[in-house]
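Visitor: Submitted below is the structure of interest, expressed as structure tokens.
The values are calculated or read from the model by the stated rules, or taken from the named source; none is laboratory data. This one's a predicted model, so the numbers in the text were calculated from it and none came from an experiment. Neighbour counts run over all protein chains shown; Cβ positions are idealised from the backbone, glycine included. Just the protein is used for accessible areas: all its heavy atoms, side chains included, with ligands, DNA and RNA removed. Shrake-Rupley method; radii C 1.70, N 1.55, O 1.52, S 1.80 Å.
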Amino acid sequence: MTGPPGPSADRSGPQPGRQPGPCPRPRPGTDPAAPFPGSPGSAGSAPHGVLKSLLGAWALAACSAEETATVEAHLTDCAPCADEALRLRDAVGLLHPEDNLDLDPRLRSQVLAGCLDRRPARVPVPEWAAPYDAETARLDALLRDMGEAEWRAPVQLAWFDGRRSVSRDVPVAEVLSRLTRKDGLVGTVLGLGRPPGGATAPDAPGGRRPTGAGETAAAAAGSPGAGEGDGAGAGDGVTDVPSGGALAYRSPGARGGAAPPPGARRAWREQTHALVRAVSLRETHGLTVPYSGVALPLSDSFLERAFACWVRAWDIAEAVDYPYAPPLPAHLHRLIDLTARLLPGALTGRRRAGPAERPPGPAAIGSPARTLHLEVEGSGGGDWYIPLDPAGAPASGERAVAHVALDGTEFCRLAAGRIPPEEAAAGQEGDRRVIHDVLTAAAALSRLQPV
């Protein structure tokens with residue numbers, strides 16, 4: 001016997017097999033490939049309730065492309081849903097701040113420092129070679145992720161020819177080939193053999209030329225065509241012969257195309273490893289590296305090559321639309337210091353050539369020289385006093401006749417010829433003629449540094 005009939009079941013509450021929550025999105029049909037209602041190519045539009053239930057997924061960027069298009073089309077017509085979508089998107093931003101998917105540029109140094117704390121290196125890398133080691137590793141990481149099409153992307157190389165900024169476009173593979181050839185001059189001095197292409201440095205293998213930094217920069221800034229191997233000659237694939245003038249190298253690009261990307265990268269990277277090993281394992285005191293009538297101490301040459309590698313990598317990253325951070329602050333400081341030390345000689349070279357103002361006369365023996373106070377702001381920055389009087393007078397802040405303040409990255413871009421002198425300084429005070437001459441001399445160093 002059955003009992004009396006009970007009250008009718010309330011089917012509005014949760015039922016077995018059903019989960020509470022927003023109403024599931026209706027299927028447009030039995031065909032799984034059918035478009036979402038309201039999406040492009042579908043007939044009609046999804047109900048308001050369904051679209052509202054998707055706002056959370058839309059804020060989390062979890063919708064499909066069709067759902068996203070439908071929701072965003074609905075937001076243009078429905079003010080309440082648009083307000084709710086903005087609130088949800090703001091909430092998601094607070095819960096999940098956007099992170100850069102690229103590794104922190106400091107990560108490599110932090111990992112190495114942790115390893116060395118546990119087990120010090122038997123043969124440490126000299127401090128002045130550390131920026132080169134780091135910058136070549138960073139560029140190699142960038143190149144490793146590039147596809148064949150990116151290797152053919154046009155890279156804009158810029159430099160300052162003494163009067164104006166000029167530029168030229170070359171493929172990525174050719175940029176790397178130029179770095180390989182210039183780094184090879186350092187390898188010749190270290191006894192690693194001739195640079196790729198057969199360029200021969202005078203004074204090799206010893207490379208001992210007692211030329212100071214001031215004389216080096218003066219020669220670069222004062223001699224016609226000095227250092228233009230990767231500047232004015234960027235289009236013909238010719239690298240200058242140090243202290244010579246004859247043709248030293250013609251790239252494969254001159255015979256119908258750049259070197260194959262894998263081979264170009266491998267040759268450059270193996271050479272960078274060999275250079276770092278060489279300066280870590282042998283005595284290098286007194287060695288200098290000659291360029292076009294110019295010689296740098298080996299330590300400064302490694303800093304110059306680190307500078308070149310960073311700027312070249314920056315150029316490549318811009319060509320393939322990839323973010324690229326500056327060097328570590330300690331390394332950036334060394335690169336800025338090298339440029340500041342070369343400025344007096346570069347200014348002397350410009351005076352010999354005529355465009356720069358000549359000093360009023362030699363300072364009295366023992367008296368401080370007139371100086372320009374160069375203040376470089378940001379990480380890696382500092383204060384430098386650039387002597388304006390003939391060499392020999394001590395430089396200090398006692399007779400600073402001008403003061404220039406600018407960001408460290410901008411100062412390096414100036415020295416690399418990427419920005420004109422008149423656009424470089426963020427703050428200027430004092431003798432405007434002196435400021436112009438010093439900033440122009442800094443830009444002229446782009447002919448010395450093949451960056």
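Visitor: Would you check if there is a residue in region 317-328 being under 26 Å from Gly382 (Cα atoms), open to solvent by less than 40 Å² (accessible area, probe 1.4 Å) and part of a helix (DSSP H, G or I)?
Guide: Within region 317-328, none of the residues are under 26 Å from Gly382 (Cα atoms), open to solvent by less than 40 Å² (accessible area, probe 1.4 Å) and part of a helix (DSSP H, G or I).
Visitor: On the given criteria, is Leu86 part of a helix (DSSP H, G or I), at pLDDT 85 or above and open to solvent by 90 Å² or more (accessible area, probe 1.4 Å)?
Guide: yes
Visitor: Let me ask something else about it. Which of the residues that make up region 122-139 are of a type in the set (Gly, Ala, Ser) and without any contact (Cβ under 8 Å) to a residue 40 or more places away in the chain?
Guide: Within region 122-139, Ala137 is the sole residue that qualifies.
Visitor: Residues in region 406-447 that are closer than 24 Å to Asp183 by Cα and open to solvent by 10 Å² or more (accessible area, probe 1.4 Å): how many?
Guide: Total satisfying the criteria: 4.
Visitor: Continuing with the same structure: Here are some residues: Ala443, Ala405, Ala393, Ala425. Which one is touching an Asp or Glu at 6+ places or on another chain (Cβ under 9 Å) and either assigned to a helix (DSSP H, G or I) or at pLDDT below 80 (or both)?
Guide: Unique residue meeting the criteria: Ala425.
Visitor: Give the residues of region 275-311 that are surrounded by fewer than 24 Cβ atoms within 10 Å (Cβ to Cβ), in contact with a Leu (Cβ under 9 Å, 6 or more places away or on another chain) and basic (Lys, Arg), sorted by residue number.
Guide: Once the filter is applied, which keeps residues that are surrounded by fewer than 24 Cβ atoms within 10 Å (Cβ to Cβ), in contact with a Leu (Cβ under 9 Å, 6 or more places away or on another chain) and basic (Lys, Arg), region 275-311 yields only Arg282.
Visitor: Of the numbered conditions (1) within 23 Å of Ser379 (Cα to Cα); (2) part of a loop (DSSP other than H, G, I, E, B); (3) over 18 Å from the mean Cα position of the chain (by Cα), Glu398 satisfies every one except a single condition; which is it?
Guide: All conditions are met except number (1).
Visitor: With the requirement that a residue be over 14 Å from Ala264 (Cβ atoms) and not charged (D, E, K, R), what does region 154-171 give you?
Guide: Hits for region 154-171 are Pro154, Gln156, Leu157, Ala158, Trp159, Phe160, Gly162, Ser165, Val166, Ser167.
Visitor: Which condition number does Leu374 fail, the rest of (1) open to solvent by less than 30 Å² (accessible area, probe 1.4 Å); (2) at pLDDT below 90; (3) not aromatic (Phe, Trp, Tyr) being met?
Guide: Going through the list (1) open to solvent by less than 30 Å² (accessible area, probe 1.4 Å); (2) at pLDDT below 90; (3) not aromatic (Phe, Trp, Tyr), Leu374 breaks only (2).
Visitor: Can you name the number of the only condition in (1) among the charged types (D, E, K, R); (2) modelled with pLDDT of 80 or more; (3) touching a Leu at 6+ places or on another chain (Cβ under 9 Å) that Arg106 fails?
Guide: Only one criterion is unmet by Arg106, namely (2).
Visitor: Let me ask something else about it. Only residues that are in contact (Cβ under 8 Å) with a residue 12 or more places away in the chain and among the basic types (Lys, Arg): list them for region 272-303, please.
Guide: Listed by number, the list holds a single entry, Arg282.
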